[in-house]
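Read through the structure below, which is laid out as structure tokens, and then see the notes.
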Amino acid sequence: MRTLLVTLAALVALIALAPSAASATTTPAPGYGQFTGCPNPSEATTEFCFHTVFTNGELQVGKIEIPVSTPITYSGGITPSGNVVFNAFGGMPPVPQPVPGGIVGLTGLTWLGSVLTPAEQEVDADIELAGAPGPPWPETLSLPIKIHLTNPVLGKNCYIGSNANPIRLDLITGTTSPPPPNKPITGTEPEFSTTPNEVLDLENGTYVDNSFSVPGATGCVLTLYKYIPISLNGLINSENGLPAAAGTNRAILGFDTELVESPIVYP
């Protein structure tokens, strides 16, 4: 709570420095291009713009381990009521994260190694939004997601989680209280600084959550030689312990966040 109060106080200070005239600019001012995902005044009414980068970490769902090896961007604006909105440049665009073991590890079908090329065996995981996310405060972040498993022969609709049944991450920088068998894990509060252009920087933080549940895989169909479709939902679920109850999954996400008052971005 202490760090949240510090953040809010800093943001209030930024409001006092913001222009008082109504904003009419529809593109970010020079030096604020990282906030392009924040809606301009003609698109939505926001108080703050944010730009978060998940720099590293891991997502473990059932027995599937997904290292975050390529940074993921999450950006948008925060409305007066505290909701997150974003335009076509914001949200959380999918970034492929290689899944160790590929399709052989995912399915347990070792014979696939002899009939598929190395490229056809590779599996990527795109972590996508699956509902209304929350603001990236320094202590908490609500993030409903689904995991899109992509592979040249796996089909286009292989998902773990969906918009109707998302994986609900309630990320914190404090210490978790998960159900067993998971044990508590602790995140890291970010370091605070303010740049000369009135942007509040939150750096080197770590969000954690190991109390969420995960639904089973859906839409996974392996098509060999273009005419032999094989449903893999049941196989992927049984091989990887899905659906996975709360207390058996884990999310650890390192992050850097930039926050600024919206009229500074759109003067």
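The values are calculated or read from the model by the stated rules, or taken from the named source; none is laboratory data. Note that this is a predicted model, so its numbers are computed, not measured. Reconstructed Cβ throughout: ideal geometry from the backbone, glycine too, with neighbour counts over all protein chains shown.
Residue check: is THR186 within 13 Å of GLU128 (Cα to Cα) and in contact with a strand residue (DSSP E or B) (Cβ under 7 Å, 6 or more places away or on another chain)? Spelling it out, it is not the case that THR186 is within 13 Å of GLU128 (Cα to Cα) and in contact with a strand residue (DSSP E or B) (Cβ under 7 Å, 6 or more places away or on another chain).
Exactly one residue out of ASN204, ASN197 is polar (S, T, N, Q) and modelled with pLDDT of 95 or more, and it is ASN204.
Sub-7 Å Cβ pairs linking a first residue in the stretch 156-185 that is part of a loop (DSSP other than H, G, I, E, B) to a second residue that is among the aromatic types (Phe, Trp, Tyr) and buried (at least 16 other Cβ atoms within 10 Å of the Cβ), at least 6 apart or interchain, are THR173/TYR207, ordered by first then second residue.
One residue alone among THR206, THR257 is among the β-branched types (Val, Ile, Thr), within 23 Å of the chain's Cα centre (by Cα), farther than 24 Å from LYS63 by Cα and not in a loop (DSSP other than H, G, I, E, B), and that residue is THR257. Of the residues making up the stretch 213-254, those that are hydroxyl-bearing (Ser, Thr, Tyr) and either closer than 27 Å to ASP170 by Cα or touching a Lys or Arg at 6+ places or on another chain (Cβ under 6 Å) (or both) are SER213, THR218, SER238, THR248. Among the candidates THR206, THR223, the residue that is among the β-branched types (Val, Ile, Thr) and either in contact with a helix residue (DSSP H, G or I) (Cβ under 7 Å, 6 or more places away or on another chain) or within 25 Å of SER69 (Cβ to Cβ) (or both) is uniquely THR206. There is no residue in the stretch 169-177 that is more than 30 Å from GLU258 (Cβ to Cβ) and crowded, with 18+ Cβ neighbours inside 10 Å. Residue-level check: of (1) surrounded by fewer than 17 Cβ atoms within 10 Å (Cβ to Cβ); (2) part of a loop (DSSP other than H, G, I, E, B), ILE230 misses just (2). Across the stretch 218-236, not a single residue is classified as over 30 Å from LEU116 (Cα atoms), in contact (Cβ under 8 Å) with a residue 24 or more places away in the chain, out of contact with any Pro (no Cβ under 9 Å at 6 or more places or on another chain) and not hydrophobic (A, V, I, L, M, F, W, C).
For the stretch 62-83, a residue qualifies if it is in contact with a Ser or Thr (Cβ under 9 Å, 6 or more places away or on another chain), surrounded by 18 or more Cβ atoms within 10 Å (Cβ to Cβ) and either β-branched (Val, Ile, Thr) or farther than 26 Å from THR248 by Cβ (or both), and the qualifying residues are VAL68, ILE72, SER75, GLY76, GLY77, ILE78.
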